[in-house]
Structure formats: C-alpha cells, structure tokens
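Report on the structure given below.
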Amino acid sequence: MPHELYLLRHGETEWNREGRIQGSQDSPLTARGREQATAQADILAREVPQMWQLARYCSPLRRARDTARIALDGLVPVIDRRLREVDFGAWEGLTPAERGARDPQLVAGCAGDLDLCRSAPGGEGLIGLETRLRGFLADLRAPSIIVSHKIVLMVLRGVLTDRPAMEWDRIDVPQGVVFRIGNGRETVLH
C-alpha cells in the first residue's frame, strides 16, 4: 500500500462492555466510547493537522459512524459497506456463556476472535471478510482515515503489514487510539 493510512476502531459500546458479539448488529456508544472517540480526535488533530485533505471512510454501522462524527471533528466520511464488521451469524448478541451453552463443541474449539469468526454458525467467515477488505484496499487512491471495527482492523492491519494470517489473532485492537500504517510499518498513536 503506497498510501499512509490512519485506522480507528469505534469507541466502546454497551455490548462491548457486556462481552456480547456485535458483528453486523449495533449497540450505542457508552460515555467511555465517546471519550475514546474524543481522544482519537485529539490524536488526529496533532498527527494530521490537515486532516481535511485526506480521504475518509467509515463502516455503515452506527457505532462507527458515531465515532467518526466525533473523531473526524465534523468532517464527513464516505460510508463503505465493505468496512462493516464481520457477520457472526447466530452468535451475534450473545455473551461468551450464551455462545457456550448454545454451541459448546464449536465454542470449545475457538482459541481467539478469528476462530469465533471462522466457526460462527451462519456467519460470513474469515475468507469472505478478507476478500471484501482486499477489494476495499485495492480501490484506495490516496492517504486515508478509516473508521471501522475490531475484526476488520485485525485483518486490515495483518494484510497491510504483511503478517502471516496465523498471526492475525494476536493483533491487539484497543479503542481510543489511532493506528498509522505506511510502507508496511505500523505505529500506534496515543
């Protein structure tokens, strides 16, 4: 990727706090989530003082749009459906205990978030997600700011930094920070 990218995860939501899988569903930002988006706005103001010159993209899900509204300081992003979170099928809205009660054998085989993505009954799966994100990246033509979701950012960061797919599950995606990626190198901005 020849362009510098700034990646933001949406702020904390009610379901994040409860440990529920959101996927293609939505829940509102918490007060902490709005504070995290404000922290991202401060980071972008410091690191990208001419932010208005960069392309801006956002997932269509409300939690990402609400974060973008705060973090981008009123600049309007292009809504791109390819940036929506992976669909977790029947597991959306469930806590870990509820998933375990519903599908104990499937859940027992899941060591991390990407295993959940691969195993979710009726879900999109990791291959489908990676395919749509590679399509999105192929269409980028300029330095950009992208507001999206945890699993999406794990895959994007893995692809952009040329990490083997087996290492993507170890990619940490905290809220309230900005990930800058350029020339295959990543910096976490606080």
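The values are calculated or read from the model by the stated rules, or taken from the named source; none is laboratory data. No experiment lies behind these values; they were computed from the predicted model shown. Here Cβ is always computed from backbone atoms with ideal geometry, including for glycine, and neighbour counts include all displayed protein chains. The protein model used for the area step is the full one, side chains on, heavy atoms only, and it has no ligands, DNA or RNA in it. Shrake-Rupley method; radii C 1.70, N 1.55, O 1.52, S 1.80 Å.
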Within the range 96-155, which residues are under 30 Å from residue 181 (Cα atoms) and polar (S, T, N, Q)? 119, 131, 144, 148
Search result, residues across the range 41-59 that are open to solvent by less than 40 Å² (accessible area, probe 1.4 Å), over 25 Å from residue 132 (Cβ atoms) and in contact (Cβ under 8 Å) with a residue 60 or more places away in the chain: 43, 44, 48, 51
Criterion violated by residue 126 - all others in (1) aliphatic (A, V, I, L, M); (2) modelled with pLDDT of 95 or more; (3) in contact with a Lys or Arg (Cβ under 9 Å, 6 or more places away or on another chain) satisfied: (2)
Take the conditions aliphatic (A, V, I, L, M), assigned to a helix (DSSP H, G or I) and surrounded by fewer than 18 Cβ atoms within 10 Å (Cβ to Cβ) and apply them to residue 166. Does it pass? yes
Which of the helices (runs of 4 or more DSSP H) contained wholly in the range 77-156 include at least 2 residues that are open to solvent by 10 Å² or more (accessible area, probe 1.4 Å), under 21 Å from residue 60 (Cβ atoms) and basic (Lys, Arg)? 126-139
Only residues that are in a helix (DSSP H, G or I) and among the β-branched types (Val, Ile, Thr): list them for the range 1-54, please. 38, 43
Is there any pair linking a residue in the range 17-35 that is within 15 Å of residue 67 (Cβ to Cβ) to one that is among the aliphatic types (A, V, I, L, M), with Cβ under 7 Å and at least six apart or on different chains, and which? 26/61; 34/70
Just one listed residue, out of 34, 9, is farther than 22 Å from residue 127 by Cα, touching a helix residue (DSSP H, G or I) at 6+ places or on another chain (Cβ under 7 Å) and among the basic types (Lys, Arg), and it is 34
Do we have any residue at all in the range 5-22 that's among the aliphatic types (A, V, I, L, M) and surrounded by fewer than 20 Cβ atoms within 10 Å (Cβ to Cβ)? no
Assess whether residue 127 counts as being under 19 Å from residue 187 (Cα atoms), in contact with a helix residue (DSSP H, G or I) (Cβ under 9 Å, 6 or more places away or on another chain) and not acidic (Asp, Glu). no
Top-ranked residue of the range 169-190 - restricted to ones that are in contact with a Pro (Cβ under 9 Å, 6 or more places away or on another chain) and either open to solvent by less than 50 Å² (accessible area, probe 1.4 Å) or among the polar types (S, T, N, Q) (or both), ranked as modelled with the lowest pLDDT: 183
